[in-house]
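Report on the following structure.
FYI, it's all coordinate maths here, none of it is from the lab. This one's a predicted model, so the numbers in the text were calculated from it and none came from an experiment. So basically every Cβ, Gly included, is an ideal-geometry build from the backbone, and we count neighbours across all protein chains shown.
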Amino acid sequence: MASMRDIKRRKQSIQSTGQITKAMKLVSTVKLQKSKTKAEQTKPYFKHMFAAMSEILAKSGNIDHPFLKGDPSKKKGIIVISSNRGLAGGYNSNIVKLVMSSGVPKEDCVIYAVGRKGKDTLARRGYEIAEDYSEVMGGPIFNDAIVIGRKVVQDFNDGKIGEIYLAYTDFKNTVSHIPVFSQLLPVTKVEREEEESEADKLLFMNYEPEAEEALSLIIPLYINSMIYGGLMQAFASENGARMQAMDSATNNATEMISDLTLKFNRARQSAITQEITEIVGGANAIS
């Protein structure tokens, strides 16, 4: 059985840790409120941009454009959005698992890392890291998405990669964060769920200028918007995951302190009982 001194030291150590995790939880809560608001404001634009692009392609007929074809024989570029810091539960490991289970062979992957945790883990596992944009996760803005989007589209046009994917964590609510692996290029047509009239089905998209030139302008903007949406969703998810992790750690520390307090009281009671027994035994021996 541990001595009272050992139990007291252990209790003090856990109390200090609990104070740290409680403070980190409060900081994450404040950051979550800000990032959650931005993510919720961005999400409708994020969804409507995807729907608009799908609508354009669905009504464009057969267009011969590199952004719509891709090249499956070449390497696949994956924009992986994780965090720069740990202590966020399974947030970062879930993104890494998502990339590894995506079905894209490791030797065919080119990683555009946003976040040091994902970058370091994937690098240790032998993945090729083409670019590191980890500083973005300090507070993502739309210009960051433009920089990332410009680089991946340039590599796509240069033939370095034949497909582009985005791996991020979708923010559903404070306790629900879902890893998502989506394809950005080549852009694919998505069937609409709602019913269309015969007139709508026969209506085709008119382009000015020509379709190929218009898509060369529109699709990069679409890519930037999708990346920005992923950044905002991931940033909110990171703070939500960290708040939950710190809350759990604080609760565990409180439970451990209660358990150690009980053990300390039992040890003290045992020591007092032993001292009383020794005093009584000594007094009887004298008499």
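Using a ≥ b ≥ c from the Cα gyration tensor of the range 61-146 (square roots of the eigenvalues), is it rounded, prolate or oblate, where a/c under 1.5 gives rounded and otherwise the larger of a/b and b/c decides, a/b for prolate? Note, shape of the range 61-146 comes out oblate.
Oblate is the label for the range 1-131, because the ratio a/c of its alpha-carbon gyration tensor axes (a ≥ b ≥ c) is 1.5 or higher and a/b is not greater than b/c. The modelled label-to-label distance for the pair residue 52/residue 29, using points 7 Å beyond Cα in the direction of Cβ, is 3.8 nm.
Per-residue Cβ neighbour counts within 10 Å put 71, 144 in the sequence 71, 144, beginning with the fewest. Based on the Cβ-Cβ distance from residue 272 to residue 247, what FRET efficiency comes out when R0 is 41 Å, to the nearest 0.05? Computed FRET efficiency for residue 272 and residue 247: 0.60.
Between residue 64 and residue 135, the simple spin-label model (points 7 angstrom out along Cα→Cβ) gives 4.4 nm. Does the range 109-148 come out rounded, prolate or oblate, given a ≥ b ≥ c as the square roots of the eigenvalues of its C-alpha gyration tensor, rounded meaning a/c under 1.5 and, failing that, prolate meaning a/b above b/c? Oblate. Counting Lys and Arg as +1 and Asp and Glu as -1 over every other residue whose Cβ lies under 15 Å from the Cβ of residue 136, the net charge comes to +2. Against the chain, whose longest principal axis is taken from its Cα atoms, helix 4-58 shows a tilt of about 10°. The antiparallel fraction among DSSP beta bridges confined to the chain stands at about 35%. Taking 0.36 nm per residue of separation and subtracting the current Cα-Cα distance, fully stretching the chain between residue 178 and residue 154 would add 5.7 nm. Placing +1 on the Cβ of every Lys and Arg and -1 on the Cβ of every Asp and Glu, with nothing else charged, gives the range 119-158 a dipole about its Cα centre of roughly 120 debye. On the beta carbon distance between residue 217 and residue 73, with R0 = 30 Å, the FRET formula returns roughly 0.65.
Relative to the longest principal axis of the Cα atoms of the chain, helix 91-100 runs at roughly 50 degrees. For the chain, dividing the convex hull volume of the Cα atoms by the residue count gives 161 Å³ per residue. Taking amide H as placed 1.01 Å from N in the peptide plane, residue 79 has its amide H under 5 Å from the amide H of 112, 165, 166, 167, each at least 5 places away in sequence or on another chain. Rounded to 0.05, the FRET efficiency of the residue 5 and residue 37 pair, given R0 = 51 Å and the Cβ-Cβ distance, is 0.55.
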